[in-house]
Amino acid sequence: MSKDSIALIGFMATGKSTVGKALKERLGKDYEFVETDQIIVEMVGKSIPKIFAEEGEAKFRDYEVEACKKVARLRKIIISCGGGIILNKANIERLRQNNHIILLTATPKEIFNRAMREGKESRPIINKKNPFKEIKNLLQTREPFYNSSADFIVDTTEKSIDSIVEEIILYVKF
Ligand code: S3P
């Protein structure tokens with residue numbers, strides 16, 4: 001059977017959730033939208049910062065694997081994946097079975113501006129003294145993982161949500 005779903009991957013604040021919701025609207029009522037982070041929050045009963053603070057990143061990554069197993073089984077779904085999902089190859093292999101994997105990118109400056117607007121407290125991995133440096137370092141280490149996971153890459157810098165959605169629809173041909 002051909003793939004009928006989309007997994008959006010990318011660093012934090014590249015627009016995965018915004019674009020995911022817009023894709024769901026564009027594709028109509030047959031499609032649902034989910035966020036792996038939201039599934040984790042519901043599964044564990046704690047916010048993401050609380051999980052990091054009380055149980056640590058390694059435990060969060062275990063929860064992320066579980067969330068990934070759940071969403072990878074769904075059909076006609078748009079998945080917004082947590083930024084670190086690519087750190088575990090098994091996550092991507094699972095998602096790839098029924099999902100076109102679309103990478104959203106943005107410049108470090110754009111990511112920093114967007115993330116700061118929402119507050120660094122909501123994002124434990126950059127909640128450090130110098131979030132911009134943290135973003136640049138993490139982007140550099142993760143870039144090969146993002147690129148090798150992606151079926152298709154969309155640079156979101158200075159693009160409207162509508163044009164990003166159309167680029168993705170043209171690629172997946174739903
Ligand atoms: C993370 C990104 C976050 C969230 C967690 C870890 C990461 O999701 O899963 O804070 O490691 O990049 P978003 O990409 O939705 O911010």
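Read-outs throughout are calculated quantities, based only on the coordinates presented, and are distinct from any laboratory measurement. Just so it is clear, the structure is predicted and the values come from calculations on it, not from any experiment. We place every Cβ from the backbone using ideal geometry, glycine too, and count neighbours over all the protein chains shown.
List of remarks:
- Among Y31, V19, C81 the positive-end extreme of the charge dipole of region 1-100 (Cβ point charges): Y31
- Taking a Cβ cut-off of under 10 Å around S5, the surrounding Lys, Arg, Asp and Glu residues balance to a net charge of +1, with basic ones at +1 and acidic ones at -1.
- For region 1-47, size of Cβ-based charge dipole, Lys and Arg +1, Asp and Glu -1, in debye: 120
- Under the convention that each Lys and Arg Cβ holds +1 and each Asp and Glu Cβ holds -1, the size of the dipole of the chain around its Cα centre is about 180 debye.
- For the chain, modelled as a GNM whose springs connect Cα atoms under 10 angstrom apart, the maximal fluctuation among K69, K128, K24 occurs at K128.
- Taking every alpha-carbon pair under 8 Å whose residues sit at least 6 apart, the chain reaches a relative contact order of 34 percent.
- Average projected area [Cα convex hull, region 96-174], square nanometres: 6.2
- A straight Cα-to-Cα reach below 15 Å connects K24 with the aspartates and glutamates D4, E32, E35, D162, E166, E167, residues fewer than 8 places away in its own chain not being considered.
- Sum of -39500 (n - 2.57) over DSSP H runs of 4+, divided by residues of the chain (222 nm, nearest 500): -17000 deg cm²/dmol
- Checking every one of the GluC sites (Glu not before Pro) in region 125-169 against DSSP loop status and a limit of 15 other Cβ atoms within 10 Å picks out E158.
- Tensor-based shape of the chain (alpha-carbon gyration tensor, a/c under 1.5 rounded, otherwise prolate or oblate): oblate
- Fluctuation leader among S17, S160, S149 - the chain, Gaussian network, Cα springs under 10 angstrom: S160
- Cα-centre dipole for region 1-99 with unit charges at Cβ (Lys and Arg positive, Asp and Glu negative), debye to 20: 380
- Residue among V34, V71, V44 with the largest mean-square fluctuation in a Gaussian network model of the chain, springs linking Cα atoms under 10 Å: V44
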